[in-house]
Amino acid sequence: MNSTTPTTPTAPVAEGDGESKTTEKTTTEKTTDAAATSGTETRLDKAGPESGAGAEQDLDPEQDLDLDLELDDDESDKESSGLATAAAAVVSVGLGIVSLTGAWSGRVAAERETLIGQMKTSSGGSAAQQISEIYGDAWHATALVNGIFGLLALLVGTYVLVRPAFGAPTAHPQPGWIRAVAKGGIALGVLGLLIAVCMYFDLIVALPTAPTTAG
């Protein structure tokens, strides 16, 4: 006997069903790809300008150059101001020393007064007049010149000490050695000015007096 194997009937497939399903699948895939692409472009559009601007700011050489130039200018100004103040302090000390020891200008003024006194007393005059015109005026001229140098030393030293109070505020205080030198110049100037005043008014050494002749 021949055995027969039962077969399951297969439903007939229409000719257009396969093509329809394939078309629907392709359309769905295209739609998904388009949505993903659109989302990516939107994110790039939003992040693009911001990231680009940040990159431009980070990589802008002109801004960095301007900042460097401003820092260099500030440092050069501070250095120039510090050097000028230090030089003024040294000048104050020098002027104070000149006020105490005398200068060639004082000698010239004294010699001039001596010459004038000799011309005034050449035609005759008393001994007291000769002492006053020849010696006293020269002495006073020297004291006057020394007093001027002492006053200049006092003014310059005071300017160095008060300069930071009237200038632009700075994070770097004035060095201590500059203040010390300025104070030394002020002290020498005051001392020279005081001696000059005493010399001019004959408080330290009086003018010599002519001896009286017995009549």
**OP:** Give, as a single signed number, the net charge of other residues whose beta carbon lies under 13 Å from the beta carbon of residue 137, with Lys and Arg counted +1 and Asp and Glu -1.
**Re:** -2
**OP:** Considering only protein heavy atoms, with the full assembly of protein chains and a 1.4 angstrom probe, order 121, 158 by accessible area, largest first.
**Re:** 158, 121
Original post:
Taking θ as phi - 60°, what are the ³J(HN,Hα) couplings along region 137-144 by the Karplus curve (6.51, -1.76, 1.60), each to the nearest whole Hz, with x for Gly and Pro?
Top reply: 5, 5, 4, 5, 5, 5, 4, 5
Subject >> Calculated from backbone phi, Karplus (6.51, -1.76, 1.60) coupling profile of region 202-208 in Hz, x at Gly/Pro >> reply: 6, 8, 8, 10, 7, 5, x
**OP:** Lys and Arg at +1, Asp and Glu at -1: add these up for the other residues within a Cβ distance under 14 Å of residue 200 and post the number.
**Re:** -3
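Stretch residue 127-residue 162 to full length: gain in nm at 0.36 nm per residue minus the Cα-Cα span?
7.5 nm
The values are calculated or read from the model by the stated rules, or taken from the named source; none is laboratory data. All figures in this text were calculated on a predicted structure; none of them were measured in a lab. Glycine also receives a Cβ, built like all others from the backbone with ideal geometry; neighbour counts cover every protein chain displayed. Note: areas computed on protein heavy atoms with side chains; ligands, DNA, RNA excluded. Shrake-Rupley method; radii C 1.70, N 1.55, O 1.52, S 1.80 Å.
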